[in-house]
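The values are calculated or read from the model by the stated rules, or taken from the named source; none is laboratory data. Not measured: the values here are computed from a predicted model. Heads up, the Cβs are rebuilt from the backbone with ideal geometry, glycines too, and the neighbour counts pull from every protein chain shown.
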Amino acid sequence: DLVTIGKHTLTFSHPKNQGLPEKMSSSIVETMQMDTRQFRELLRKNHRPHPNSGAAKRAAIPVLVILSEPRKEIVLGDRPVRIGKDLTADIMVAGLFVAATAAVINRIEDGWHISRVGGLARVKVNGVAVKAATKLNSLDVVTLGRLRMQFLVRPQTQARVGTAPS
């Protein structure tokens, strides 16, 4: 079997001379239970705050500052942010070569990434064209057509409440 995820292809194969198991292990199909103490230890070892701790609540907040007119700030939430000229886009951009959905900003485990989706207008981060998912770092400037925005990571106390996609 072949499984394709983005630009990656995974191949699953089973040797022909080896028979299939008669019964699947119950551990494969059941939810794994983890001891709370072990979970906290894993978080500590990986330098991650516990989701319900005060440190997690005080974590930095990612913000997009629109530098072109009209100027505004968007606090990034849990949903992907769609950028394009479609009326349902989270950030609308006008332009002949801009696609209905030209780019998407997603939260992935290690941070926020921007990906080009379509259209002839180039998505650029700090002047470099985005060809694959690109991780955004604080102070990066993203351009698409006439749109200019800056990605910032602010401490929670400095973040302003803006028009976050819900």
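What to note about this one:
- Lone qualifier among Arg48, Arg40 - being more than 30 Å from Lys131 (Cβ to Cβ), outside any strand (DSSP E or B) and modelled with pLDDT of 70 or more: Arg40
Matching residues to (1) exposed (fewer than 14 other Cβ atoms within 10 Å of the Cβ); (2) assigned to a loop (DSSP other than H, G, I, E, B); (3) not acidic (Asp, Glu):
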site: Val65; (1), (2), (3): no, no, yes
site: Ile74; (1), (2), (3): no, no, yes
site: Arg79; (1), (2), (3): yes, yes, yes
site: Arg82; (1), (2), (3): no, no, yes
site: Asp86; (1), (2), (3): no, yes, no
site: Gly95; (1), (2), (3): no, yes, yes
site: Thr101; (1), (2), (3): no, yes, yes
site: Val104; (1), (2), (3): no, no, yes
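- The single condition among (1) over 14 Å from Arg82 (Cβ atoms); (2) at pLDDT 90 or above that Leu144 does not satisfy is (1).
- Single unsatisfied condition, Leu20 versus (1) surrounded by 10 or more Cβ atoms within 10 Å (Cβ to Cβ); (2) modelled with pLDDT under 70: (1)
- Some residue of region 94-111 being under 15 Å from the mean Cα position of the chain (by Cα), farther than 30 Å from Leu43 by Cβ and either basic (Lys, Arg) or modelled with pLDDT under 90 (or both): no
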